[in-house]
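Notes follow once the structure below has been shown.
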Amino acid sequence: MNLKDKTFKRVSHVVLTSHANQIYKDVPKVKWGEKDPEVRGPIIATISDKDHRNAIGTHSGSYTVYRALSIASGHFPKSHRPELANTEGTYRVKPNPSWFDPQKIVTLDPFGADINLHFKKYLDEGFNIKPSIAVTQAHLHIPEVQEAVKNGRLKVDGKVVKEDGSIKCTKVALEPVWNLPEIAKRFNLEEGELRKVLFQETGGMFPELVTRPDLKILLPPIGSSTAYIFGDPDDLQNPDVELTCRVHDECNGSDVFGSDICTCRPYLTWGIEDAARTAQKGGVGLIVYYRKEGRALGEVTKFLVYNARKRQEGGDSAKNYFYRTECVAGVQDARFQEFMPDVLHYLGVQKIHNLHSMSNMKYDAIVGSGIEVVNRLSIPAELIPEDAQVEIEAKKAAGYFTDEEIKDEAGLQKVQGRELDE
Ligand SMILES: [Zn+2]
C-alpha cells in the first residue's frame with residue numbers, strides 16, 4: 001500500500017503532555033498495593049482516553065508500535081474501544097497477600113485481569129480501561145512430550161495428558177506494567193535517575209518520563225510473559241501441594257526452531273513433561289515463559305556472539321563462552337532476574353518443590369523474593385545437544401547449579417563446539 005495515497009491527516013507538531021493544561025484533575029490516582037481495587041485505582045493507558053491517562057506508555061508491550069503503524073496507515077480506527085463481552089478468563093487468579101505488598105509485585109498489575117469485576121464503577125463512568133492480563137486454556141502438542149508418552153515416561157490419564165498425547169493447561173498472558181518508584185528501589189537508584197536514563201537510552205521515546213513525575217506507572221514497549229499451569233491453578237497458592245516449576249527465558253532459535261547450540265528447548269520440553277507428571281500425581285506444574293530473547297540482548301547480538309565464538313582463535317570453547325558475549329554486547333547478561341519472581345507472586349506461589357533451572361541468578365531472585373525452593377534440578381545429560389556442550393560446561397564452571405563434575409581450565413578448553421561451515 002502506498003501511504004501517500006491515504007487521506008490520513010495529522011498536524012505536523014506533537015503536543016507534549018508536559019503542558020500544564022494537559023494534567024487533568026479527574027484522573028484516577030493509582031495507590032499501588034491497596035487492597036480495594038477501587039481505592040487502588042485502574043491503570044488507564046489507552047490512547048483513546050487521553051484525558052484520563054494515569055500511566056506512561058500504552059498496552060500490548062512491543063506491539064504498541066504496530067498499533068501506531070496500523071493507525072498511521074488508516075487500517076485501524078483511532079478511537080477504537082475494546083468490546084470485552086465474553087473475554088473473561090477461563091480461570092480467575094485468586095488475590096493473595098503479595099498483591100497488597102507494594103514491593104512484592106512491581107512489574108505487572110495484579111488487578112490487570114477481570115477489570116469488569118475490579119473497576120466496574122470506573123467503567124460505568126466511561127473510563128476506557130483495558131486488561132493487561134488474560135487467562136485461557138490450551139492443549140499442547142509437543143513432539144518431545146509425545147515421545148515421553150510413547151516410551152512410558154508419561155502416562156495418558158485423560159485429564160492432564162490426553163489420549164492423543166497432548167497436555168491440557170491453563171495459560172495466563174501478562175503485559176508489563178511497571179511501578180517506577182519501586183523498580184528504582186530494587187535497583188538501589190533514585191527514581192529521577194532511573195526515569196532520565198530510560199528516557200535517554202530509548203532515544204527519548206516517552207518524554208513524560210522526565211516531564212511528568214506525577215505519573216508513576218510505565219507500560220514499557222517490551223515483551224510480555226506467559227504462565228502455563230498444569231493441574232489445578234488454585235494449588236499454586238498451597239505450599240503443601242508439590243509444585244514443579246521452570247522459569248524460562250525466550251530463545252526463539254532453540255525453543256521454536258530446534259537450533260542445537262544451546263539447551264533451551266530441551267530444558268523447556270523436559271520442564272513441561274515433568275510439570276505434567278507432577279500434576280498427574282496430585283501436584284501442580286508451572287512454566288513461566290519470559291520474552292527476554294538472547295539474555296534480553298536480542299537475537300542480532302546473540303547471532304553476532306555465536307559467530308565470534310566460532311571464529312575465535314582456538315575455536316568455540318567452554319573457556320571463552322561468557323567472555324565472547326561480554327565483548328560483543330557489553331554485558332554477559334541483561335535479563336535482571338530481580339523482576340522475574342513477580343509472576344510467581346501474582347499467582348500466589350510460596351514454595352517451589354522442584355525448580356528446573358541451573359541458573360543461580362534465577363534461584364537467588366526467587367529465594368530473595370521470599371519463595372522457598374526445595375530441590376534444584378539441572379537438565380539430564382542425555383538431553384543436551386552435542387554442540388551445546390560448550391554452553392553447559394561453561395555455565396557449570398561459572399558456578400551455575402549442577403550435581404555433576406566441574407571442569408578445570410584445561411578441561412574447558414577441550415570442550416569445543418562445531419566450526420562454522422564457511
Ligand atoms: Zn538458547
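The values are calculated or read from the model by the stated rules, or taken from the named source; none is laboratory data. All of these numbers come straight from a predicted model, not from anything done at the bench. For neighbour counting, all protein chains shown are included, and Cβ atoms are generated from backbone atoms with ideal geometry for every residue, glycine included. For accessibility, only protein heavy atoms count, side chains too; no ligands or nucleic acids. Shrake-Rupley method; radii C 1.70, N 1.55, O 1.52, S 1.80 Å.
General observations
- Counted by Cβ distance under 13 Å from residue 414, the other residues give a net charge of -2, where Lys and Arg count +1 and Asp and Glu count -1.
- Sorting the segments 111-117, 324-330 by their mean number of nearby beta carbons within 10 angstrom, highest to lowest, gives 111-117, 324-330.
- Once backbone amide H atoms are built at 1.01 Å from N, residue 247 has 288, 356 as its partners under 5 Å, excluding neighbours fewer than 5 places away on the same chain.
- Think of it this way: in the chain, 169, 245, 262, 327 stand alone, with no other Cys Cβ under 4.7 Å.
- Taking the chain and dividing mean pair separation by its residue count, relative contact order in percent (alpha carbons under 8 Å, at least six apart): 15
- Taken over the alpha carbons of the range 304-347 as equal point scatterers, the Debye sum produces base-10 log I(q)/I(0) values at 0.14, 0.21 Å⁻¹ of -0.46, -0.67.
- Computed lengthening from residue 48 to residue 381, 0.36 nm per intervening residue step minus Cα-Cα distance: 114.6 nm
- Given charges at beta-carbon only (K, R positive; D, E negative), |dipole| of the range 177-276 in Debye: 580
- Charge tally in the Cβ shell below 14 Å around residue 348, where Lys, Arg are +1 and Asp, Glu are -1, residue 348 excluded: -3
- The charge dipole of the chain, taken about the Cα centre with unit charges on the Cβ atoms of Lys, Arg (+1) and Asp, Glu (-1), comes to about 1340 debye, rounded to the nearest 20.
- Most to least packed among 361-368, 217-224 [average Cβ atoms within 10 Å]: 217-224, 361-368
- Net charge, residue 239 excluded, C-beta distance under 11 Å - Lys, Arg +1, Asp, Glu -1: -3
- Phi-derived couplings, Karplus 6.51 cos²θ - 1.76 cosθ + 1.60 at θ = phi - 60°, listed residue by residue for the range 219-228: 9, x, x, 10, x, 9, 10, 9, 9, 10 Hz, with x used for Gly and Pro.
- For residue 311 and residue 125, a Förster radius of 45 Å and the Cβ-Cβ distance give a FRET efficiency of 0.15, rounded to the nearest 0.05.
- When the charge dipole of the range 350-422 is built from unit charges on Cβ atoms (+1 for Lys and Arg, -1 for Asp and Glu) and taken about the Cα centre, the candidate among 394, 412, 355 whose Cα reaches farthest toward its positive end is 355.
- Nearby aspartates and glutamates by direct alpha-carbon distance to residue 29 (threshold 18 angstrom, same-chain neighbours under 8 apart not counted): 38, 49, 51, 101, 109, 124, 125, 182, 208, 214
- All Cα pairs of the chain, percent lying beyond 32 Å: 44
- Pairs from the table (104/396; 78/171; 362/396; 216/292; 35/94) lying more than 20 angstrom apart at Cα are 104/396; 78/171; 216/292.
- Shown for the chain: the carbon plus sulfur share of the solvent-accessible area, taken with all protein chains present and a 1.4 angstrom probe, equals 52%.
- Within the chain, DSSP assigns beta bridges of which about 60% are antiparallel (rounded to the nearest 5).
- Take residue 163: with every protein chain present and a 1.4 Å probe, its accessible area is about 140 Å².
- GNM top mover of 234, 255, 214 - the chain, alpha-carbon springs below 10 Å: 214
- Top of 138, 381, 276 by mean-square fluctuation, Gaussian network on the chain, Cα under 10 Å: 381
- At R0 = 56 Å, FRET efficiency that the Cβ-Cβ distance of residue 299 and residue 234 yields, to 0.05: 0.90
- Global form of the range 150-273, assessed from the alpha-carbon gyration tensor, a/c cut-off 1.5: prolate
- Anisotropy class of the range 78-150 from Cα gyration tensor, a/c 1.5 cut: oblate
- For the chain, adding -39500 (n - 2.57) for each run of n ≥ 4 DSSP H residues and dividing by the number of residues yields -8000 deg cm²/dmol at 222 nm.
- The range 325-386, relative contact order in percent, only Cα pairs under 8 angstrom and at least six apart counted: 32
- Alpha-carbon centroid distance for the pair the range 47-114 / the range 160-174, whole angstrom: 26
- Accessible surface area normalised per residue over the range 270-367 is 37 Å², counting heavy atoms of protein chains with a 1.4 Å rolling probe.
- Those residues of the range 366-404 whose amide nitrogen sits under 18 Å from the label point placed on residue 281, 7 Å along Cα→Cβ: 374-380
- Hydrodynamic radius (Kirkwood) for the range 82-217, which is based on Cα pairs only, to one decimal in Å: 18.6
- Whole-Hz couplings from phi, Karplus 6.51/-1.76/1.60, listed for the range 328-339; x for Gly and Pro: 7, 8, x, 9, 6, 7, 10, 7, 6, 5, 4, 8
- Residues whose amide H lies under 5 Å from that of residue 56, counting only those 5 or more places away or on a different chain, are 217, 218, 219; hydrogens are built 1.01 Å from N in the peptide plane.
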